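Report on one structure; see the data block that follows.
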Amino acid sequence: MGVGLANIRKASEAQLRFIDRTRTDLAEILSADLKQVVTADTVNAKLVDWIELMNRRLPDDVWKIEKSREFLASPFRAQYRPGLDIIERNFRDGTSNRAHQSKTTEIADYNDLLFNDWAVHHFHLSDEYDGDFCKRTGPILFAYFYGDTVFFLDILEHGRRSPNVWADQHLVEVLDNNWPKITEKFHLKGALDLDRDISAPERIRLRNAGIAANRKKPSAKNEGPRCDLGHIA
């Protein structure tokens, strides 16, 4: 019995040493990516921030590009053609488009409610650069990543002219209308349909309260949030 207990104790001590080493190694990785000091004692608290940051960062891979009918019909395409050409070329060549993303992308603890709810990214369209980022534009490109393809959804105004665009159901409807096979996996089969659609301001308030809301579809297929699907799906 004494030998058995000693072996169990040794095994437990070995497991604890492994866990400690893992936490230390993970803390080093998080410190480098988050650009802040993370210790083995604080690694648990910073892990969610790190996961969200990694999901917001797009890998510099070669991407196929598909464009929605709404994107192709956008009146902003001609105005921002030079910037769009840069973005498209970067995706096709496997070059980073980080300069066109939001400056909040690299803020570790930033809660990107649009991305966290619908996994939709957005890109500024200027072909002029100021430091690490291009100049900010009012109209921005909204895009969805799935597998090895980036789907250009639409170009829409944001900011004061359109403060609720981040929760505009139009973005999901574009995905439905052009690539229904992608959204099909999110249909809540057998679920009761909503009585009415949730407005963009209502959805923003729900998101701010930490509530992910479904949406009503014309086909009466109630659909849940797509927070589990990002560019790595």
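Read the figures in this text as sums done on the coordinates, not as results from a lab. Please read all numbers here as calculations on a predicted model, not as lab measurements. Cβ atoms come from the backbone with ideal geometry, glycine included; neighbour counts cover every protein chain shown.
Using Cα-Cα distances under 8 Å and only pairs 6 or more residues apart, what relative contact order does the chain have, in percent?
Reported relative contact order: 17 percent.
PRE reach from Ala45 (point 7 Å along Cα→Cβ): which of the range 71-115 fall under 14 Å by backbone N?
Counting only backbone N, you get 109.
Treat every Asp and Glu Cβ in the chain as -1 and every Lys and Arg Cβ as +1, leave all other atoms uncharged, and give the resulting dipole magnitude about the Cα centre to the nearest 20 debye.
380 debye
Would you grab the residues whose amide H sits under 5 Å from the one on Leu153? Only those 5+ places off in sequence or on another chain, please, with H modelled 1.01 Å from N.
HN-HN under 5 Å from Leu153: Phe142, Ala143, Tyr144.
Between beta-carbons, use under 12 Å as the cut-off and find the net charge around Ser199, counting Lys and Arg +1, Asp and Glu -1.
Surrounding charge for Ser199 is +2.
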